[in-house]
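Asker: Right, I'll just put the structure down here and ask away after.
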Amino acid sequence: MLLGIVLHAALSFAPIPWTVQDSQQSDFYYVLFACIHGFRMPLFFMLSGFFTAMLWKKRGLRALLVHRFKRIFLPMVLAMLTIIPLMWVVSSYVRSQPASESAEMVTDNADVGEPAEQRGAVDIDVSAAVVTGDLDSLKAYLQNGGNVDAKNAQGAAPLHVACLFGRAEVAEILLDAGASLDVTNNEGATPEQLLALDWATTAYVAKLVQVPVDQEDLFAGRKRIAQAIEDQSGRSVSLQVASDGREDVLGGLIALFFYVPVFHHLWFLWFLCWYVCGFVLIVKLLQSLRIPAVSNMWVTSWLRYVWLLPLAAVPQYFMARSQYAYGPDTSVGLLPLPAVLAYYAIFFGYGAIYFGANDQAVAVGKGYWWKLAAAILILFPVGLSMQGPEQTSGRILFAVMQVSFTWVMSFGMLGLFNRFFRPQRLWVRYLSDSSYWLYLAHIPLVLLLQFLVRDWSLPSLLKFGFVCSVTTSVLLFSYQIGVRNTWLGALLNGRRYPGPEENEPTAEPTYQIQSSATQEAV
């Protein structure tokens, strides 16, 4: 949960889309983001499955459902009525504020003294140039050696964007520069396939990214692009020139249920609701069929990798399809994206099975030091270097490398914390209790602080540290005075029972339900 603050704080300093774009950016922050994102939520869901099984064994299925309703569903609903609207307000405010005229968007690796055209094509936002029809910036990008098929964080090449929004002049420049007609986006669509996209879906995407479009101009631009493609390639292009009512309805429903951002950073709570309900159904089914338990050999020994790696690689294959994507996708809509739901379900399911293995010695975490070293120094860099493969074989290998990093890193973290945090410590327990609240409430404050430091002429590392430390400090203070000993603290973490045992940390932990956020939240 606390790494979530670090992850989101890093986004404004990374050269990827985010609400606030800092004046000092570096690829370091993207690497940091990708590393944390690659294992953080999978490990969280593994712990979720573990404690779900623990609660079931201790209290039964009915108590499990009641407990999760109070600790997961109710906080999610309250946060959606308070924190999410606040996030919208803050986001709208910071988007409306232009950057200081004295501040120039540069990367930490750039020579600030050089003019933009001499610093190279990397400083130009190609997607923005395509959307706005900024032909001068696009030509400067291509003249400085920019990749005409470079994909943005959403997996779209410049020609995808031009075809989607009917930017005919831009598309003609890209085609003259040798843009590929076979490059695919995250959904596997080529640029010319987007020419046939229905109006409802196009209008929804345009509204989502705040791009003004006119239906008549859109179809006229697409018709001109189709003709340019036919002239260059000699092949016929399928083109939708009128809106089909049935397609509009279907496209609108798909966009509404799967892609409208309902939950934002609370999506993991919604996923937990799905998994708990699925867990109850599976338990009932297994009890009726009397299926024997999985052998511990397949859960705690090295043999677990034999089935965990390929199993998680299957949904991972369908995710991280853009040139700059790494790790699992995020699903913030009312209906979870199937690949994302299946991916995290594997980690949740393993956690539930692992509880039944009664691994008191935490055998899965043995050799944590080499596990963490191999994950961070070998598996992660190799996987990161393989981003955006087009061929099937490359995508399979990319998926295997990603999930290998995730599993090895997760098991290494279990071993690390078992080694150094096995005895109960009050300060660790306090951070654990507060982490649920800190994560729920951090986004609006992070956005405000990122906006505050955006134009400061300071090294990005200092500004990044400022955002992280101030966010954590302010929210810890708010937790202490307004959450911990209130009804909200009881809702998030359970009732607290102060007594002598709080001041007497045990040397050996036992498997019991305690009112810590790490256990209550998951």
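Asker: Quote the FRET efficiency, to the nearest 0.05, computed for residue 135 versus residue 3 with a Förster distance R0 of 45 Å and r equal to the Cβ-Cβ distance.
Answerer: Here the calculated transfer efficiency is 0.60.
Asker: Would you mind getting me the FRET efficiency between residue 311 and residue 370? Use the beta-carbon distance for r and R0 = 35 Å, nearest 0.05.
Answerer: 0.90
Asker: Looking at the square roots a ≥ b ≥ c of the eigenvalues of the Cα gyration tensor of the range 1-96, which shape do they give, rounded for a/c under 1.5, prolate if a/b is larger than b/c, or oblate?
Answerer: oblate
Asker: Checking the cross-link filter: which lysines have an alpha carbon closer than 26 Å to that of residue 151, excluding same-chain neighbours under 8 positions apart?
Answerer: The qualifying lysines are 139, 207, 223.
Asker: Do any trypsin sites (Lys or Arg not before Pro) in the range 269-363 lie in a loop, going by DSSP, with at most 12 other beta-carbon atoms within 10 Å of their beta carbon, and if so which?
Answerer: 290
Asker: Restricting to DSSP loop positions (anything but H, G, I, E, B) with no more than 15 other Cβ atoms inside 10 Å of their own Cβ, which chymotrypsin sites (Phe, Trp or Tyr not before Pro) remain in the range 265-352?
Answerer: When the chymotrypsin sites (Phe, Trp or Tyr not before Pro) of the range 265-352 are filtered for loop state and at most 15 Cβ neighbours within 10 Å, 302 remain.
Asker: Here's something else I'd like to know. Please label the shape of the range 376-416 as rounded, prolate or oblate, based on the square roots a ≥ b ≥ c of the eigenvalues of the alpha-carbon gyration tensor (a/c under 1.5 means rounded; beyond that, a/b larger than b/c means prolate, else oblate).
Answerer: It is prolate, given that a/c is not under 1.5 and a/b is the larger ratio.
Asker: Could you give the distance between the Cα centres of the range 395-452 and the range 133-154, to the whole Å?
Answerer: After rounding, the separation between the Cα centres reads 37 Å.
Since every read-out is calculated from the coordinates, none of them should be taken as a lab result. This structure is a prediction, so every number in the text was calculated from the model and none was measured. All Cβ positions, glycine included, derive from the backbone under ideal geometry; neighbour counts span all protein chains shown.
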